[in-house]
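A short worksheet on the structure shown next.
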Amino acid sequence: MKAPSEPTNETQRQRALEQTGLLDSPEDGRLDRLTQIASFSLDVPIALVTLIDGDRQWFKSCQGLGVTETGRDISFCGHVVSIDAALVVPDALQDERFADNPLVTGPPHIRLYAGMPLHDESGYPLGSLCVIDTKPRELDESQLTCLQGLAELAEMAIQRDQHVARLKTQDEVEQLLQQIPGTAYQFRLWPDGTMAFPFISRGVEKLYGITPAEGMLDPQAMFRRTHPEDLPRVETAIQTSQQTLTPWNVEFRVTADNRNYRWVEGTSVPETQPDGSTLWHGFLGDIDQRKRAELALQSSEARLRGLFELSPIGIALNDFETGHFIELNDALLAPTGYTHEEFLQLSYWEVTPIEYEPQEQEALENLRTKGRYGPFEKEYIRRDGSRYPVLLQGILIEGDDGRPMIWSLIEDITERKHVDNMKNQFIATVNHELRTPLTSLLGSLKLVTGGAAGNLPAKAASLLTTAQRNGERLADLINDLLDMEKLVSGRLRFTNRDESLDAIVQESIEANRDLGSDRCITIDYSPCRFDFMVKVDRGRLIQALSNLLSNAIKFSPDNTAVEVTCTCDNQIIAIHVRDQGPGIPKEFESKLFDRFAQAEAGNRKRPGTGLGLAITKELLEQMNGSIHYHSHDSGGTTFTVALPHDDPEHQQLSHP
């Protein structure tokens, strides 16, 4: 630490300081107002007028500091007096002169310091007007100009008994005040309620839409332009300040046009006058942007708090290093059997069975490297020692104090597991108790209707044919249900290999051609010029195309054709299946690929499971493909299957 050196004329400087009569004198309202303005306009917590006296620095005016003096040897302002010039230290920790200064390493933890020298009429540096922040920062040119102007006003106050004024006219004062975003004023209130504004700076025009002269002529004008909801609070604060002689500080809204309101902050210091009135010296600053951001943040925090507390899914905040719970909502607490206070004493390690440690370590590593983890399943231990399944996922955040913390969603999936078990039991029942006897029943019906038992009476044959047709529909439903369940659970096996697309399309068409023969519906196929090779599961792609072809035939009018065409570019080959049916109702389009979805409007509704398109979409996605559709204004719908294909240079010309 470097202590400030004494000026070469220290003896004369000390004598000049003592002659001012400032040392250990009572508070000076003018200097206090200047330090208040400095604190507000430069947005710093500490602003001072200091005097360097012998081995101490004494604070003539002090905002934001709880002491009246410190040693000269550790003072920053001592350096200002020593060099008799402005001193700006953006970050004291990075400055070798001050890095180990106790005012830096300890309270008030100075980081930014900016001080301007204050002189007497003879030019001796008596002290400084300075501002201090606890965070490193730079002051721009306009801020330094503002600080310099305030220092000049302080010099005017200090030199009042010597009748030397550096600012000679009211216009110069106004020009300086205009650099400060707000309004300086004096407000006087007599015991009988009479009030006056002896002085108002020009900044009032921007805040209130009136001139200083108008405000001084009609003291109520500024009160009339205060928001009606805020006016009682403003008046109550004035009464309290008058009765207790404590500073007045209020945030409220004012208008300059009687339509739009802006937030301002008012600060002033009262003093009792000989006639019993009270005179406030104050400042009104525009804080609209800051206040609206603050209110928006409060509103956002309230909404997030509501979501946190009302969420049906458990939410927890944990310390990243220790795992201890910092916050949790009721949804997380409900299944545990713990009280809120008990749970906050735990870490997630204490509610996690030991066998899940590898998954936990993996989640922590993902948080370190990726900033998030999950989702993954594990179990939690209840207070009574029993367990229940949970699904977790979360992100890593940094707390206000810099600590790493984890926000997690922790969903109790007990009911989901129960439903899964019921579904599995249902699928097993469908598979073993329905499909097996149904297969046997359909086989017998086919034998009988095929003449294995001899000729049947016409009526009996018709009934058996109806039974066989309905049995096949039931078998289709069962197969669709089983396929859909396997797709959703990921248990349907795919063997993707290079296959001839043309051969697959041809096979699909031949398998479905007879479906429309009784209604004179044909299938017209326009293949690609090249026979493209695609990497697919042959059987599953035939199943997907058959679903589209059977749907197209089902919805086509009699005596029409289903058109199948192939198109391609350098990366994608598309198979288009178009029918001449009624199209897809607009209100149904969003549900088209949902399970068990069938259109209700028009004549497009036909018998079926409502699973065909859902299964087709899942099948294609498993083969890196996709499905799209387009309803034509002229009627009919085109479904398009898009698949990636190999380099066209390696295809064979098979359709000249």
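Values for this structure:
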item	result
Simple Cβ-charge dipole of the chain, Lys/Arg +1 and Asp/Glu -1, about Cα centre, in debye nearest 20	2820
Highest average packing first - 549-557, 331-339, Cβ atoms within 10 Å	549-557, 331-339
Per-residue [θ]222 nm for the chain (sum of -39500 (n - 2.57) over DSSP H runs n ≥ 4, rounded to 500)	-11500 deg cm²/dmol
Those Cys residues of the chain for which no other cysteine Cβ falls under 4.7 Å	C62, C77, C130, C146, C520, C568
Simple label model, 7 Å out from Cα along Cβ direction - Q273 to L438, nm	9.8
Kirkwood Rh, angstrom, the stretch 181-292 [1 / mean 1/r, Cα pairs]	14.0
Extension gain from T414 to A503, taking 0.36 nm per residue of separation minus the Cα-Cα distance	27.2 nm
Rounded if a/c under 1.5, otherwise prolate or oblate - the stretch 494-538, Cα gyration tensor axes	oblate
Reported label for calculated percent of Cα pairs over 51 Å apart given (1) 18; (2) 49; (3) 12	(2)
Charge dipole of the chain about the Cα centre (unit charges at C-beta), most positive-ward option of Q571, H632, I287	H632
By average C-beta atoms within 10 angstrom, highest first, the peptides 224-237, 615-628	615-628, 224-237
Simple spin-label estimate for S526 and E141 in nanometres, 7 Å along Cα-Cβ	7.2
Computed FRET value (nearest 0.05) for L456 with F376, which takes r as the C-beta separation and R₀ as 45 Å	0.15
Separation between Cα centres of the stretch 405-426 and the stretch 54-120, rounded to whole Å	62
Degrees separating the helix 612-622 axis from the principal Cα axis of the chain, which is the longest one	70
Cα-based helix-to-principal-axis angle, 10-20 vs the chain, degrees rounded to 10	90
Cβ crowding within 10 Å averaged over residues, with 438-445, 536-543 ranked highest first	536-543, 438-445
The stretch 64-158 shape via C-alpha gyration tensor axes, a/c threshold 1.5	prolate
For the stretch 311-412: Kirkwood Rh in Å [reciprocal of mean 1/r, alpha carbons]	13.6
Crossing angle, helix 288-310 versus the chain [Cα axis fit, 0-90 degrees, rounded to tens]	40
Between the stretch 1-22 and the stretch 277-349, the Cα center-to-center distance that results, in Å	52
For the stretch 1-89: rounded, prolate or oblate by the Cα gyration tensor [a/c cutoff 1.5]	oblate
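Read-outs throughout are calculated quantities, based only on the coordinates presented, and are distinct from any laboratory measurement. Nothing here was measured: the structure is a model prediction, and the numbers come from that model. Here Cβ is always computed from backbone atoms with ideal geometry, including for glycine, and neighbour counts include all displayed protein chains.
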